[in-house]
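Enquirer: I'd like to ask you about the structure that follows.
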Amino acid sequence: MTTSPIERAAGSFAAELARQRTERGLSKKQLATLMGFDPSYVSHVEGRRHRPTEDFARRAEAVLEASGAIWQRFREYDELRHGRPTPRHRDHPAPGQWMPPGTGLIVERELATLTHTDEGYRCVIRRELYNAGTEPVTRYLVRVAVDRYPNDPGRSNRHHREHPLTFAELQLLSYRYDGGEPEPMHWRAKHDRDASKEIWLLFENDEGRFPLYPGDRVTIEYAYRVGREKWGPWFQRAVRLPTRYLAVRLDLPTDLDPQVWGVETTLSSEEGPLRRPINRHERGGRAIFDWATEDPPLNARYRLQWRFRSRPPESDPGGPAGGGQARASDRMRGLGIVQRGADLLRQPSRQFGLPADEATARDVIDRLRSALARLDELHPFSKGVGIAAPQLGLAWAAAVVRPPDRAAEPVILLNPRVVDASPDTDEQYEGCLSFFDHRGLVPRPLRIDVEHAHYDGSRIITSFEFAMARLVAHEIDHLEGRLYVDRMTPGVPLVPVEEYRETGNPWRY
């Protein structure tokens, strides 16, 4: 059976859409959600039961970042559908320059600066905008969100319920730059929540209105302030519009000895370390940390985090009074250990592609070993101790386990998985660096066989017994998004660490 040129072109579009979606690891339902379509519609287009529309093609191209490939297939189909001949030699714009018509606002350049002040933090966002759409733009949506304890959502939610963020304290100011003196922009609240605010910046002021017309450019800037009691040690930028260049700057006091690191998340990859380094320089008693990227993917998130090494973590206003005994979990948090409640602890870790990712794997293992060294100065860990990459905020499938015998070398686990386990089990009390205020009675196999990788990509199976089997199984659980409480027998209570009497004693076999 023969097919028409239009049918072949529609088939090419469907094939390209499916290929791009599959390469990014998205299901049809996930893609439909990101595009704002019903899942059945994506399925019908890929199955060639529905023909693509221009709006569908634009959204698919923007979400899948196909460098113009999806849009190209649609144009070929559209030209045939309307009876326009397809040129034999078509220009293929470079991925970094391509943009489908009617996309709307483009952020050509963004610089986000966060400055530590005596009162708290001052944030300034400067964006160069281009209207690539077909309609004038009269308002621009911005979001301000705070999270005092990002690794402890429950604690953070309680804190912000008791100390909500207010519009008054933000002291929000916004301006428009268009080749002359800056003009103030009015703003209007859209959503008001305890820990976040959504705000419309309006292209108008007391002097009149100044819409951003199609084909025009403008620079806007807005600034706000948040006290230290509400701002946690992180600064995140989310790419919600097509963006050409994104830069982030942290301006922190050098006398607090700041340490800064970052993570990123995209549609095609789980949370992992920033792919570009953070650069530091000092100026007038300030430590300036700069990071930038070009053409960030749509819906990507970039988070810079820090800690001040010259002072202990600040106490919770609702916690012990100054001078009181810090909780065990607070001591772990002070060492940079992600605590229970953080989303990362419930997500499967990203596998290394070895040997290509060898440098990254070695860096992650070095950080894990350094963390173990710091932990050994804080607690005896007579039963042995392990730490998994997610507990340091790194979404990689890596862990390091130190046996109960301190003279033994730590075990390095890359991309580990349990391939066999003994049917014989026992129950012992376990603790967790990410849940250090309690101990729990956990059943585990007495032996497990674990397949894991070397840096060169070769794989090996290692058998672990008794205490090491328990330690290794605990860390592999972390890499699979589990905590030891998931393994406990229902109804068995946790024991507060203050009541636990086996600290300093090895497990009994």
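The values are calculated or read from the model by the stated rules, or taken from the named source; none is laboratory data. All of these numbers come straight from a predicted model, not from anything done at the bench. Cβ: placed from backbone, ideal geometry, glycine included. Neighbour counts: every protein chain shown.
Enquirer: Which condition does residue 336 not pass, out of (1) surrounded by 22 or more Cβ atoms within 10 Å (Cβ to Cβ); (2) within 14 Å of residue 435 (Cα to Cα); (3) in contact with a strand residue (DSSP E or B) (Cβ under 7 Å, 6 or more places away or on another chain), if it passes all the others?
Expert: Going through (1) surrounded by 22 or more Cβ atoms within 10 Å (Cβ to Cβ); (2) within 14 Å of residue 435 (Cα to Cα); (3) in contact with a strand residue (DSSP E or B) (Cβ under 7 Å, 6 or more places away or on another chain) one by one, residue 336 breaks only (1).
Enquirer: If you don't mind, another one. Go through the stretch 19-61 residue by residue and tally those that are more than 26 Å from the chain's Cα centre (by Cα) and not charged (D, E, K, R).
Expert: Summing the residues that are more than 26 Å from the chain's Cα centre (by Cα) and not charged (D, E, K, R) in the stretch 19-61 gives 12.
Enquirer: Something else now. Select from the stretch 127-170 the residues that are touching a residue at least 24 places away in the same chain (Cβ under 8 Å) and among the small types (Gly, Ala, Ser) and write down the one among them that is surrounded by the most Cβ atoms within 10 Å (Cβ to Cβ).
Expert: Among them, the one singled out is 156.
Enquirer: Can you pull out the residues in the stretch 342-397 that are of a type in the set (Lys, Arg), out of contact with any Asp or Glu (no Cβ under 6 Å at 6 or more places or on another chain) and buried (at least 18 other Cβ atoms within 10 Å of the Cβ)?
Expert: Quick first cut of the stretch 342-397, residues of a type in the set (Lys, Arg) only: 346, 350, 362, 367, 369, 374, 383.
Narrowing the set further to residues that are out of contact with any Asp or Glu (no Cβ under 6 Å at 6 or more places or on another chain) leaves 346, 362, 367, 369, 374, 383.
Of everything in the stretch 342-397, those that are of a type in the set (Lys, Arg), out of contact with any Asp or Glu (no Cβ under 6 Å at 6 or more places or on another chain) and buried (at least 18 other Cβ atoms within 10 Å of the Cβ) turn out to be 367, 383.
Enquirer: Quick check on the stretch 171-188. Is at least one of its residues in contact with a Lys or Arg (Cβ under 7 Å, 6 or more places away or on another chain), at pLDDT below 95, surrounded by 14 or more Cβ atoms within 10 Å (Cβ to Cβ) and farther than 23 Å from residue 138 by Cβ?
Expert: The answer is no; no qualifying residue exists.
Enquirer: Separate question: In this structure, does residue 417 turn out to be surrounded by fewer than 21 Cβ atoms within 10 Å (Cβ to Cβ), touching an Asp or Glu at 6+ places or on another chain (Cβ under 7 Å) and of a type in the set (Lys, Arg)?
Expert: Numbers: surrounded by fewer than 21 Cβ atoms within 10 Å (Cβ to Cβ): yes; touching an Asp or Glu at 6+ places or on another chain (Cβ under 7 Å): yes; of a type in the set (Lys, Arg): yes.
Yes, satisfied.
Enquirer: Give me the residue from the stretch 388-442 that is more than 25 Å from residue 333 (Cβ to Cβ) and acidic (Asp, Glu) and, out of that set, modelled with the lowest pLDDT.
Expert: Among residues in the stretch 388-442 that are more than 25 Å from residue 333 (Cβ to Cβ) and acidic (Asp, Glu), the one modelled with the lowest pLDDT is 405.
Enquirer: Can you list the helices (runs of 4 or more DSSP H) lying wholly within the stretch 1-60 that have 3 or more residues being under 15 Å from residue 73 (Cβ atoms) and basic (Lys, Arg)?
Expert: Filter on the stretch 1-60 gives 5-23.
Enquirer: Related question: Report yes if residue 272 is in a strand (DSSP E or B), modelled with pLDDT under 90 and touching an Asp or Glu at 6+ places or on another chain (Cβ under 9 Å), otherwise no. Lay out the reasoning, then the answer.
Expert: Details: in a strand (DSSP E or B): yes; modelled with pLDDT under 90: yes; touching an Asp or Glu at 6+ places or on another chain (Cβ under 9 Å): yes.
So residue 272 passes the test.
Enquirer: Quick one: count up the residues across the stretch 269-285 that are surrounded by 10 or more Cβ atoms within 10 Å (Cβ to Cβ) and either in contact with a helix residue (DSSP H, G or I) (Cβ under 7 Å, 6 or more places away or on another chain) or among the hydroxyl-bearing types (Ser, Thr, Tyr) (or both).
Expert: Restricting attention to the stretch 269-285, the residues satisfying the condition of being surrounded by 10 or more Cβ atoms within 10 Å (Cβ to Cβ) are 269-280.
Next, from what is left, pick out any that are either in contact with a helix residue (DSSP H, G or I) (Cβ under 7 Å, 6 or more places away or on another chain) or among the hydroxyl-bearing types (Ser, Thr, Tyr) (or both): 269, 271.
Result for the stretch 269-285: 2.
Enquirer: Tally time: how many residues in the stretch 420-445 are of a type in the set (S, T, N, Q) and either buried (at least 22 other Cβ atoms within 10 Å of the Cβ) or not assigned by TED's automatic domain parsing to the domain that holds residue 463 (or both)? Reasoning before the result, please.
Expert: From the stretch 420-445, those of a type in the set (S, T, N, Q) are 422, 425, 428, 434; that's our starting set.
Then drop every residue that is not either buried (at least 22 other Cβ atoms within 10 Å of the Cβ) or not assigned by TED's automatic domain parsing to the domain that holds residue 463 (or both), which leaves 434.
Residues in the stretch 420-445 being of a type in the set (S, T, N, Q) and either buried (at least 22 other Cβ atoms within 10 Å of the Cβ) or not assigned by TED's automatic domain parsing to the domain that holds residue 463 (or both): 1 in total.
Enquirer: If I go through the stretch 193-239 residue by residue, how many of them are assigned to a loop (DSSP other than H, G, I, E, B) and either surrounded by 15 or more Cβ atoms within 10 Å (Cβ to Cβ) or in contact (Cβ under 8 Å) with a residue 60 or more places away in the chain (or both)?
Expert: Just the residues of the stretch 193-239 that are assigned to a loop (DSSP other than H, G, I, E, B), to begin with: 193-195, 203, 206-207, 210-211, 213-216, 228-233, 239.
Now drop any that are not either surrounded by 15 or more Cβ atoms within 10 Å (Cβ to Cβ) or in contact (Cβ under 8 Å) with a residue 60 or more places away in the chain (or both), which leaves 194-195, 203, 210-211, 213-216, 228-233, 239.
Number satisfying all stated conditions: 16.
Enquirer: Do you know which residues across the stretch 446-503 are aromatic (Phe, Trp, Tyr) and under 28 Å from residue 366 (Cα atoms)?
Expert: At the first step, the residues of the stretch 446-503 found to be aromatic (Phe, Trp, Tyr) are 455, 464, 466, 484, 500.
Hits for the stretch 446-503 are 455, 464, 466, 484.
Enquirer: Then there's this: Which of the residues belonging to the stretch 124-181 are among the charged types (D, E, K, R), touching a Gly at 6+ places or on another chain (Cβ under 7 Å) and farther than 19 Å from residue 226 by Cα?
Expert: The answer is 152, and nothing else.
Enquirer: If you don't mind, there's one more thing I want to ask. For residues in the stretch 460-481 being more than 13 Å from residue 403 (Cβ to Cβ) and free of Cβ contacts under 8 Å to residues at least 40 places away in the same chain, which is surrounded by the fewest Cβ atoms within 10 Å (Cβ to Cβ)?
Expert: 460
Enquirer: Which residue, of 66, 60, is modelled with pLDDT of 85 or more and surrounded by 20 or more Cβ atoms within 10 Å (Cβ to Cβ)?
Expert: Values: 66 fails: modelled with pLDDT of 85 or more.
That would be 60, the only listed residue that is modelled with pLDDT of 85 or more and surrounded by 20 or more Cβ atoms within 10 Å (Cβ to Cβ).
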